[in-house]
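Remarks on the structure that follows.
Bear in mind these aren't lab numbers, they're just calculated from the coordinates by the rules spelled out. Remember, predicted model here, so these are calculated numbers, not experimental data. Every residue, glycine among them, receives a Cβ derived from its backbone with ideal geometry; neighbour counts consider all protein chains shown.
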Amino acid sequence: MHASCGLCPHHCRLSEGQTGFCRARRNVGGRIVPINYGKLTSLALDPIEKKPLARFHPGSFILSLGSFGCNLRCPFCQNHEISQAEEGFPAREMTPEELVHLALELAHDEMGNLGIAFTYNEPLISYEFVLDTAKRLHDVGLCAVLVTNGMVEEAPLKELLPFMDAMNIDLKAFHEGFYRWIQGDFSAVRRTIALAAASCHVEVTTLVVPGRNDSAEDMEAEASWLASLDPEIPLHISRYFPRWQMDAPATDIGRIRELCRVAERHLRYVYSGNC
């Protein structure tokens, strides 16, 4: 029995027992289920600025968790050990209730805790887990934060947004060619940013890869488009370093500064990252 996954633009059509492109969603009895539900490969109390979120409760900490899998194939992935992992990768299992209880305990500690950030790999491929946990976080007055590549369809995103307090969304580049290279969907990511920016606090990150998305023209177009949504959307322009399948030299710091100046012509808050 075949089943189609409607969560992201890949629309994987899967036979019984088959796992999708993301490595984390499977056809089980004609239903698409997240096989990484509640399976955590990373769990840490991080500064909120590490997400990165520069203008959402700065100076605070947030319990941050990740699982395995991703619905993109960025050859420069900085977390490829978990984003490209499959079922069987070492993981700690926790329910949404257990996580919210831990988040509450940490909120009362000296360092404090805002809530939970879903991050590290691509959290939206464990959509049901994120939604279940975010609802419980709101019930107890804690924040839900999503760090995502934005590769999600409109209907599931709209169901999730009422329970999201902040998002950092990767805008990998501002042209179709880059998204074809990483097997993504440029228009879907732009739609995610537009819908999220109308619903919660949003910041955007662009990792600058030399020769791929580092032109001033592309940054001009990107910053202008973001400003058309809201000129106060913070943009993080980050430096690439050799990772996973890419050994090209790191992005020149001067190039990052130049692109920041381009973006600042349109946006109020522009930050350099990894410099």
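Only one of 61, 56 is in contact with a His (Cβ under 7 Å, 6 or more places away or on another chain), surrounded by 15 or more Cβ atoms within 10 Å (Cβ to Cβ) and more than 13 Å from residue 122 (Cβ to Cβ). Can you tell me which?
56
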Selection count, region 1-39, where residues are of a type in the set (Gly, Ala, Ser) and under 25 Å from the mean Cα position of the chain (by Cα)
5
Before we move on, is residue 119 under 24 Å from residue 157 (Cα atoms), buried (at least 20 other Cβ atoms within 10 Å of the Cβ) and of a type in the set (S, T, N, Q)?
yes
Pairs, please: C-beta under 6 Å, at least 6 apart or cross-chain, first residue on the phi > 0 side of the Ramachandran plot and small (Gly, Ala, Ser) and in region 14-43, second surrounded by 15 or more Cβ atoms within 10 Å (Cβ to Cβ) and not in a strand (DSSP E or B)?
38/94; 38/129
Under 6 Å between Cβ atoms, which residue pairs at least 6 apart in sequence (or on different chains) link something in region 250-267 that is of a type outside the set (A, V, I, L, M) with a partner that is crowded, with 20+ Cβ neighbours inside 10 Å and assigned to a helix (DSSP H, G or I)?
266/223
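Determine, yes or no, whether residue 71 is closer than 20 Å to residue 135 by Cα, under 19 Å from the mean Cα position of the chain (by Cα) and not in a strand (DSSP E or B). Spell out how you get there, then give the answer.
Working: closer than 20 Å to residue 135 by Cα: no; under 19 Å from the mean Cα position of the chain (by Cα): yes; not in a strand (DSSP E or B): yes.
For residue 71, the condition - closer than 20 Å to residue 135 by Cα, under 19 Å from the mean Cα position of the chain (by Cα) and not in a strand (DSSP E or B) - is not met.
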